[in-house]
Structures are given as structure tokens and as C-alpha cells.
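So the structure is just underneath, and the comments pick up after that.
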Amino acid sequence: MVEIIKADSSQIIIDKKEIAVYMGYYSVPCDCSTEGMIFCCESEFLKAANFVACCEKVPVKIIGDTVDLGFKAFSSKSLAKNLSGCDYAYVMAATTGIEAHRLIERNGVTSPLKGVITDCVGSAAIEAFCDKINLSFECPDFLRPRFSPGYGDLSLEYQRDIVEFLQTKKNIGMVLTEGLMMVPVKSVTAIIGIGKEKNKCTGHGCMTCKSDNCPYR
Amino acid sequence: MTILEKIRSSITYCDGGAGTLLQSWGLKAGEKPETWNITNPDKIIKMHRLYLEAGAQIITSCTFGANRFRFDNLEEIITAAIRNAKTACKDFDAYVALDIGPTGRMLEPLGDLKFEEAVSVFGEAVKIGAKAGADLILIETMNDSLEAKAAVLAAKESCNLPVFVTCVYDETKKLMTGADPEAMIATLEGLGADAIGINCSLGPRQMLEIVPDFVKNASVPIIVNPNAGLPRTENGKTVFDVDPDEFSDIMCEIVKSGATIIGGCCGTTPEHIAKTVEKTKNLPFILPEKKKHTVISSYTHAVKIGDVPVIIGERINPTGKKLFKEALRRNDINYILNEGIAQNKKGVSVLDVNVGLPEIDEAEMMVNVIKALQAVIDLPLQIDTVDPVAMEKAMRIYNGKPLINSVSGKEESIKSVFPLVKKYGGAVIAVTIDENGIPQTAQGRVDIAKKIIARATEYGIEEKDIIVDPLAMAVSSDPQSANVTLEAVRILHSMGIKTSLGVSNISFGLPSRPDINAVFYTMAMQCGLDCAIINPFSTEMMKAWHCFTALTGKDESFAGYIEFADSLSPVQTQPAQKDGISLDGCIISGLKEQAGVAAAEMLKSLSPLEIIDTMIIPALNTVGKGFEEKKVYLPQLLMSAQAAKEAFDAIKAAIPSGESGKGKIVIATVKGDVHDIGKNIVKVLLENYGYEVIDLGKDVAPEKIAETVKGNDVSLVGLSALMTTTVPAMEETIKLLNKTAPQCRVMVGGAVMTEEYARMINADYYGTDAMAAVRYAEKVLG
């Protein structure tokens, strides 16, 4: 059964360093005026955001490079590796909501600078929300890093199956475009394996991806 | 008895949930229930019969997800579903509703589903259902107001059956896309829905809280179909926490509150419905009262006309505005959006939208501007055009119930405007002019108003949706004109008719116009004026409005007045030169306001081109070089760009006409791609460097790009794509450009692009960032 999880903005702790990384400050701290703008955009974003997610625990069967999650068999070497040894996994979709989407658009119109910062705040915010959801799952220490369509060799096309399975439009107001983009922006779909031993991997979200041409790496 | 007679004579019962029952009979996870209409018709009929035996009088066909996006055999499925429902109803006095659920896609401007495609998708299902013998159309579980509108329009255009609509509200009483009940009621009643209400997501207790909003604002019967509370898993099975006893108890309260069409949604069973019928059948039947409120709405909220005077911002209008006209010719939607956002911040309640210019396609521009405005601004809009084609296209895609400007007393106007208002819903400004011109007397104008209202009634449009504009005429050419207009407002107000004025016309030809306008505005409000189209940037007008509302008890605790008064305190800005910061220094440091002041100061001694060449471009180059060397970061680059733009704006007026920039560049995010932040950064920088940028926006078809390139003699195009899935559209665009404009160079960029990929799709250049795009433009265009 699909479970709906909501969080109040006050419960979301956004990692400022992550925002700075998304803005290009990979190895140096950002300057004071940029920090000030991040602060303003963050509070504006949190006011607009409506953090809501849906998830369902599913059985995992791995045969070769195929991962059967009950509702769909996923053909992916990377996912098979990520879920290896797991009997169950969570399939989840999370979003920061349509008002946050509109805010990013609006700020982009009035000031490209504000648009970029709000966009980066949104990216960090959805990651923070996903972290919070993962902590609420049973045995969070045993969870594998979140794995999303588009990571490694897991085709983006699988987003359609996840969105259909979780009925994301009805449950959290999130849809895919024909080009597989998520609306609202700042939404995530992911599969999280439940391991049998404590997870030693410290990476999460996009940081576990092997893409080498991503501007945030 | 027809279904419409039935819902107006007694409580009407709908059925309950289908999913739980069908799953218990073998429907597998992920299996589409609609297919059971063909593979397991007996079980579908059995389900319907269980609800009929429980007392349901409206049976919902098993077609919730039946649309062409999900099924190739749509006709077979819907026809079988209606047949199954009708078979089940054979021995019962019941009606079959064709169930229409959401498409699963999001409509533009938030998503990529075109409005007309959505209408076509719904229309296809409705036609099949109506042909198969459905008694009514039930559009349900809508969580996007625009999708609900598309579905209602499709139903109305595809059949003559009654249309019922229920939407999904959350605990904050809003749809997923933001509309509250009042906004949805205005929109759906405007479109002619026969019954409206709530279903799914919430249990009966939470819906009980929303019913009063419907009772207060709706005129048509109210539908309430709750879930059986919240779902949870028990021993691997889904169970809901509100049992039939509790459910039916709360449904009694819901009926007592004013709902007259009731049933259930997810998790409810025949037992929930049976107990509900048993406990509510003898309760008093209370239909909602017919409301007389004049209401318009956006995709989030409604604005009531008739209490606090409503300000309609007049700035989205090219009349007398050189820059606005230029923006329209350049298709610069962002310029128009900024006009809207700025007026929103000034406190207007409605935005007038007029984009009429002889040399542009007004209908196309109107649609584009309305979509763009409704992506970022939640105010209701006033569609202002004399072109009936533009008016209809705008009313069709408008998300909410619009204000229409305008109809007159002329037959030609009445015949072109009123059928649109009747079909799409809306309140309309009625100007008191007819074939004989504008009457010189107040009574003459009132008589035209009465005539327009009488004609509206013949079209089925209620008086509440007519707002009369008795026309403010220049007092300089007729000293009595203000008195006549004010008297007309007073008479109309005393008759309960709503009024509006384009206030600033009164001062035409006089000096110090804002002073005259503000006093006239105050006098008109004192006579009962309900709406005014004004310039919200006029301090005098805003003073008049704030003082009037404060003095007439319409500004609770003077909160609005105090905030406005505070905003009038002078803000100290230090001229840049006083601090010893030169224009280039302002740009390098990203000091926006100071850069504008410094540029204006420099105009006293240098020509605009000298300022650009010796100050602005070198400063931008310094910052750009720092960015390329990774010593300056994106925010700083953009701060400098904003400062440079401020400087450009300050000197723009002094640039002699005919002196062109460095060349034209078309930029666009390719078809299928709805992210444009990167493209917008490139645009700002290219403009900074003096290029004329034709920004086609996002999700742009290859044909449109090719057509613009050809029509404007453009030799450089910038394309952006964020996802691997949209890169093929980039390749398609390049192919078309190579064919239709082989001289044109194409640069590409975006998160997924690489040098190798760019080469593969035959792009001329791959830019890693915005500065790289500038450097390539310099190479191609100089």
C-alpha cells in the first residue's frame, strides 16, 4: 500500500554547503553577499514549499542484471549491484510542491540571479526532505543509498513505471512530461534497498552517481 | 425523472470505492481495473449491483483511467463499461455516470500537455460514453483546476448530458495546483457544471470542514464523496480507518450542512453506502441558495467584487508605451511578466491584459501572455481585447473565471461577446455606449446598462456577471463629464449593479493629471464604484485607495494603510559617484542601483556608445574572464550582469534610433524541455554584450525556431536541453535549420550536453557555460 509522508518546512534542514556546491562553489566558501541572498531565497522557498512524498515497500528479486520489484522488472546492472543482498526495497517519490515550482519560475523572471539561487535551494531542499524520509523508514542504518532512474545504467524511462505504480499525480501532485521531466521541478523518484547489515556507504543522492560530465561533480 | 430533476428534488446517492472490492476479487497490483470490463464483466456488474442494492442511485462506470494515453482499445473498454453499468441497473431506478478521471499528465504552463490536446482526450472518451448510453458525465478526482476546465469543456462540446464535477482538496482546503473551493466554484459554475463538489483524499470528517465553503459560495447542488478515512496496512492488507457506522454518522452531518449528492470514494464499501442511505434518507433536503455575488477567479483564489473597491492594474497595455510595444514586437514575454509581477507587488487585485498591436497576431500573443502570466502570478486577469477571436482563445485557456473587457450596448458587440461569456464563464465589463454613441446624461448611460443586462439575461448570463462602466470622459472637453459619470455610478450602485471605471481618462488634456485622477477616484468610490482600472505606480491613486478604505472601515485595523504609509518613507540611496565608485567598479562589484545612477551621471559627459565601449563591456569582460578562470562564481557573474543591465537601461533612451546593436541571436529551450534557467542566464549575458536576443522560451518546436530565424535574418541560434530525452529534439532542430537557413550557426548547451554529443548532432559549437556562449557570439557576429 502506498504511504503518504508529509513534512512541515520547519522540519527541513537544508545543507547550506550543498546549496553552495550547486551554485559552483565546489571548494571555496561563498562570499557574504551571496550567503545573504541564499538566506533570503531559502526562507522564501521554505515558505512556498509543500513537502510531500509517497512510498511503498516492495519485494526484491535479482536475476542477473534484472531487478524485479513486483510491479516491474528493471534491467540495470547498477541497480542490481545497489540492491544486491536486499530482500525488500522502498520505492519512493517526493516533491517540494507546485508553489515552490512557481516561485522558481517567478524569481527567474524578475532576476536570473534569484532564479539560480532559488533553483539551487530547491535542489538541496528536496535532498534534505528525502534524507528525512529515509530516516523515518524502519532500520535507516540498513538502507542502501537512494538510487534514481538516470543513475548509472538505470534508464530514465523507468520513471514512468514508478510514477504509475505510486500514482504520484493523485497522491503527491507530481507528474512526468513526455520528455520524462518531473513537474513540479524539485521532485525525486528513487529506489532504496533495505540491506541486511549496516550500510557502510556514506554517499547519498546524486553523489553516488558515476556520471563524469555533471557540472556538480 | 431525469437526473437533473432527481438532484433538485431529493438527496441523491452515489456508489462507493471500486479498488478495494475488485482487489479482493483478484485484481492484481498494477493491473488496470478498466480492462475487467472486458475480461471480467460479471464481476464489474456484481460490484455495481452491490452498490445498487445498498441504495446507490448513481452508478459510476469503471472508466476512471480510460483515455487514449492509457488504452489503445478505448472504444471497446468504455462501451463495455457503460454496458456493464446499464446491465446492473436494469431492475433499479438508477442512473449511469460515465466516470472521467485525470489524464495523469500536467497541462501547460506547468507541464507539457497542451490544453486543446487535453480537451480532445476527454472529448474522445465522452463521445464514446454518451453514444454507449451514459446518463451523465462525472468528472472526478481532479486536482488541477485547468485540467478540470478542459474536461468540462470537452464534455459540453461532445454531448448534451449533465456534467457533475468533483475535485480533490487537501487539509488546507486547496487543490494540488492551489485552487480553493471558492475559486473552483466560480470556475466550474461559470462553465455550466450542473453539480459540483469534493471527492477522494480526505475522509468524511475532514470533508465536513469544507462543505460550508461550498454552501456559502455555490448555487448548484453539492456533491460529497469521501474516502473511508486514511488507509493503513494490516497483515499485508489495506484497511481504512473509518468504518461504515462512523462514516454514515458523519455523512448525516454533511447532509445537514447542505450536501445533497452523497456517496463514497476509496475504501468505502456497499456497507458504507447502505448505512449512509439508511441514516440520511429522512433528513431535510436543502439545496444551496442561488448566490448573487459577483466573483472572478484565478487558479488559486476568487476575488469578490462589491465590497472593498477592486484595483485592476492597467500597465499590461501597449497604448502610449514605446518599450511595451517594442517588447510585443520582439515577443519579449519576460518584459510583460515583469510588468505583471511589479503591479502584483503594488497590491492590485486583478491585472488587465491588453496586447493589441496592429503588426502582431493578437490572438496568439494573448494566449502566450496569459499562459506565461498564469505560470507565475496568481491574480485573476481581465482579458482586454476588441478582437473576438483573441477573446475566445484567451477565455478558453484561462485558468479560472476571468473578467472580460468589454461588451457594449451595440448589437454587434453583444452578439460576439455574450455567447463566449455564456460558454466559458466570466464577468464582463459593459461600457455604456451603443449605436447612438455615448449618452450625455447619467440616466442615458444607465438605460444602456439596463439594455445590456436585459440582453445578457436572454443569453442566460446573470446580472451579477455584468459590471457596468459608465465611462469617464475628459473633463477638459466637457466640464460636466465628471458629474455625469459620478451620477451614473451612484444610480447604478443604488440599483445593486456593479460598476467599473477607467479612471485616468477624466484628466486627459489637463496638467498634473495624477492629482485630478486621485480626487475623481475618491469621489467615484464614495458614489459606490466597485472596480477601477488604474496605474498602481501612481502614488496619488494608491493614496486615494488606501485612505478611502481606511476611512470607510474596509481596512481592518488599518493594516493596509499603515504598511502603505511606511512604504512612502524616503529610502536613502547613495549616488555611486559620492562613494567614489565608478561605473565599471559598480558592474564588477555587482552594485545594481549604483550602476544605474553612475551611468546616468556619465551621460552628461560621454555618448551612450562611449559608455558601453569604455566602461560596460570592459567591466563585463573583467568579470567574465574571472568566471572563465574559475575565480568568479555564477552568482557574482549574474550580479554584475544585473548591474550592467541597470546601466544599459539608464542610457538606452539616449541611444539614437537607427543605431543597431551587434546582431540578432535566437535562443530557445528545445521541444519537450521545460527547464530554462540556463537559457535565461545566457540571454542576460548576451544582452549585456549588446546582442539583440529573440528569446522563444521553452518547449519550442523546431519549425518555430526555423521560422523565426528566417523571418528575422538571424545568423546565430542558441539551443538548450536539460535531459538526454530531449536532445533528439535538438538534433531535429539543427537538421531543420541546416535545411532552411544553412548560413545560420547553432550553439548548444545544457546539463547533459558534451562536446562529443554536440558534434554528433551537427551543432557548430558546444558552450560549457554562459560566458562561452558570449565568446562564440563574438566570434560569429563580432
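The values are calculated or read from the model by the stated rules, or taken from the named source; none is laboratory data. Just so we're clear, the structure is a prediction, and the values are computed from it rather than from any experiment. Every residue, glycine as well, gets a Cβ built from its backbone with ideal geometry; the counts of neighbours run over all protein chains shown. The protein model used for the area step is the full one, side chains on, heavy atoms only, and it has no ligands, DNA or RNA in it. Shrake-Rupley method; radii C 1.70, N 1.55, O 1.52, S 1.80 Å.
Would you mind working out the magnitude of the charge dipole of the range B:342-443 relative to its Cα centre, with +1 at each Lys and Arg C-beta and -1 at each Asp and Glu C-beta, to the nearest 20 Debye?
The dipole of the range B:342-443 has a size of about 520 debye.
Excluding ligands and nucleic acids, what accessible area in Å² is computed for A:C55 using a 1.4 Å probe, to the nearest 10?
0
Which cross-chain or sequence-distant (5 or more) residues have an amide H under 5 Å from the amide H of B:I296, H modelled 1.01 Å from N in plane?
For B:I296, the qualifying residues are B:V303, B:I305.
Strictly over 32 Å apart at the Cα level, which of B:K346/B:K645; B:K393/B:K671; A:K47/B:K704 would you flag in this model?
From B:K346/B:K645; B:K393/B:K671; A:K47/B:K704, over 32 Å: A:K47/B:K704.
Using only the Cα atoms of chain B, build the gyration tensor, take square roots of its eigenvalues as a ≥ b ≥ c, and label the shape rounded, prolate or oblate: rounded if a/c is under 1.5, else prolate if a/b is larger than b/c, else oblate.
Cα axes put chain B in the oblate bin.
Cross-link list A:K72/B:K237; B:K290/B:K498; A:K81/B:K679: which exceed 27 angstrom alpha carbon to alpha carbon?
A:K81/B:K679
Take peptide A:92-102, look around each residue's Cβ out to 10 angstrom, count Cβ atoms belonging to other protein chains, and average those counts.
For peptide A:92-102, the averaged partner shielding equals 3.
Multiplying the sequence separation of B:K345 and B:R329 by 0.36 nm and subtracting their Cα-Cα distance, what value in nm do you get?
3.1 nm is the gain from fully extending B:K345 to B:R329.
Calculate, for A:Y88 and B:E234, the FRET efficiency according to 1/(1 + (r/R0)^6) with r their C-beta to C-beta distance and R0 22 Å; round to the nearest 0.05.
Using R0 = 22 Å, I get an efficiency of 0.75.
Give me the percent of DSSP beta bridges within chain B that run antiparallel, rounded to the nearest 5.
Just about 10 percent of them are antiparallel.
Output the relative contact order of the range A:3-200, whole-number percent, from Cα pairs under 8 angstrom with separation of 6+ residues.
28
Rounded to the nearest 500 deg cm²/dmol, what is the calculated helix-only ellipticity per residue at 222 nm for chain B, with -39500 (n - 2.57) per DSSP H run of length n ≥ 4?
-14500 deg cm²/dmol
Specify which residue in the list B:G133, B:I262, B:M473 is farthest towards the positive end of the charge dipole of chain B, using unit charges on the beta carbon of Lys, Arg (+1) and Asp, Glu (-1), about the Cα centre.
Farthest towards the positive end: B:G133.
Just to check I understand the Karplus step: with θ = phi - 60° and J = 6.51 cos²θ - 1.76 cosθ + 1.60, what whole-Hz values come out for the range B:390-401, glycine and proline as x?
After applying 6.51 cos²θ - 1.76 cosθ + 1.60, I find 4, 4, 5, 4, 5, 5, 5, 8, 4, 8, x, 10 Hz.
Is there a quick way to get the dipole size of chain B? I mean about its Cα centre, with the Cβ of Lys and Arg at +1 and of Asp and Glu at -1; what is the value in debye to the nearest 20?
420
At a cut-off of 30 Å², which residues of the range B:129-178 become less accessible once all protein chains are present than in their chain alone, using a 1.4 Å probe?
B:N143, B:M176
If amide hydrogens are placed 1.01 Å from N in the peptide plane, which non-local residues have theirs closer than 5 Å to the one on B:S406?
Amide H to amide H, under 5 Å and 5 or more residues apart or across chains, B:S406 pairs with B:T385.
Quick query: amide H of B:V468 versus all other amide H atoms, modeled in the peptide plane; which residues come in under 5 Å with a sequence gap of 5 or more or a different chain?
The answer is B:A430, B:K498, B:T499, B:S500.
Where does each of B:M184, B:M602 land when they are ordered by accessible area, with a 1.4 Å probe and the largest first?
These residues rank, largest area first, as B:M602, B:M184.
May I ask for the angle, rounded to the nearest 10°, between helix B:145-158 and the longest principal axis of chain B, with both axes built from Cα atoms and the value confined to 0 to 90°?
60
To the nearest 10 Å², what's B:V220's accessible area with a 1.4 Å probe?
Number for this one is 20 Å².
What distance in nm separates the two pseudo spin-label positions at B:E116 and B:A29, each 7 Å out from Cα along the beta-carbon direction?
The answer from the label model is 4.3 nm.
Ranked by accessible surface with a 1.4 Å probe, highest first, in what order do B:T724, A:T34 come?
Of B:T724, A:T34, the descending order of accessible area is B:T724, A:T34.
Which one, B:S24, B:L161, B:N762, projects farthest toward the positive side of the charge dipole computed for chain B from Cβ point charges (K/R +1, D/E -1)?
B:L161
Given the C-alpha centroids of the range B:288-334 and the range B:202-245, what is the distance between them in whole angstrom?
So the two Cα centres are separated by 36 Å.
From the protein chains alone at 1.4 Å, what is the descending order of accessible area for A:D87, B:D566, A:D131, A:D119, largest first?
B:D566, A:D87, A:D131, A:D119
What shape does the range B:11-280 take by its C-alpha gyration tensor, where a ≥ b ≥ c are the square roots of the eigenvalues and a/c under 1.5 counts as rounded, a/b above b/c as prolate, and the rest as oblate?
rounded
In whole Hz, with x marking every Gly and Pro, tabulate ³J(HN,Hα) for the range B:201-211 from phi via Karplus 6.51 cos²θ - 1.76 cosθ + 1.60, θ = phi - 60°.
6, 9, x, x, 4, 5, 5, 4, 5, 8, 3
Roughly how many Å² is the accessible area per residue of the protein assembly as shown, as a whole number, for a 1.4 Å probe?
With all protein chains present, the protein assembly as shown gives 41 Å² per residue.
Given +1 on the Cβ of Lys and Arg, -1 on the Cβ of Asp and Glu, and no further charges, what dipole in debye does the protein assembly as shown carry about its Cα centre, rounded to the nearest 20?
580
With an 8 Å cut-off on Cα pairs and a minimum separation of 6 or more residues, tell me the relative contact order of the range B:436-488 in percent.
So the answer I get is 38 percent.
Over all residues in B:368-379, what is the mean tally of Cβ atoms on other chains that come within 10 Å of each residue's Cβ?
Taking the mean over all residues of the peptide, I get 2.
Could you estimate the translational diffusion coefficient of the protein assembly as shown from the Stokes-Einstein equation, with Rh from the Kirkwood formula over C-alpha pairs, at 20 °C and 1.002 mPa s, in whole µm²/s?
Roughly 70 µm²/s, to the nearest whole number.
If each of B:T539 and B:Q443 carries a label point 7 Å out from its Cα toward its Cβ, how far apart are those two points in nm?
4.5
For the range B:676-689, just list the computed ³J(HN,Hα) in residue order, Karplus coefficients 6.51, -1.76 and 1.60, θ = phi - 60°, integers in Hz, with x standing in for Gly and Pro.
9, 4, x, 4, 5, 5, 4, 4, 4, 5, 4, 5, 4, 8
Note the angle between two axes, namely the Cα long axis of helix A:98-110 and the longest principal axis of the Cα atoms of chain A, as a number of degrees from 0 to 90, rounded to the nearest 10.
Orientation of helix A:98-110: about 40 degrees from the principal axis.
Between the range B:349-398 and the range B:92-110, what's the alpha-carbon centroid distance in Å?
28
Report, in degrees rounded to the nearest 10, the 0 to 90 angle that the Cα long axis of helix B:270-280 makes with the longest principal axis of chain B.
80
Please report, as a whole percent, how much of the solvent-accessible surface of the protein assembly as shown comes from carbon and sulfur atoms (probe radius 1.4 Å).
That share works out to 53 percent.
So if R0 is 35 Å, what FRET efficiency would B:N73 and B:T2 give, r being the distance between their Cβ atoms, rounded to the nearest 0.05?
0.65
Roughly how much accessible area, to the nearest 100 Å², goes out of reach of solvent when A and B pair up, both sides summed, probe 1.4 Å?
4100
Let me cross-check B:W545: its accessible surface, 1.4 Å probe, with only protein heavy atoms counted, in Å² to the nearest 10?
40
At R0 = 41 Å, how high is the FRET efficiency between A:M1 and B:V215 if r is their beta carbon distance? Nearest 0.05 is fine.
That pair, A:M1 with B:V215, gives E of 0.75.
Using the Cα gyration tensor of the range B:470-566, with a ≥ b ≥ c the square roots of its eigenvalues, what is the shape: rounded (a/c below 1.5), prolate (a/b larger than b/c) or oblate (neither)?
Oblate, since a/c reaches 1.5 and b/c is not below a/b.
Please work out the C-alpha center-to-center distance from the range A:22-53 to the range B:142-191 and express it in whole Å.
36
Looking only at other chains, what is the average number of their beta-carbon atoms within 10 angstrom of each beta-carbon in B:627-639?
5
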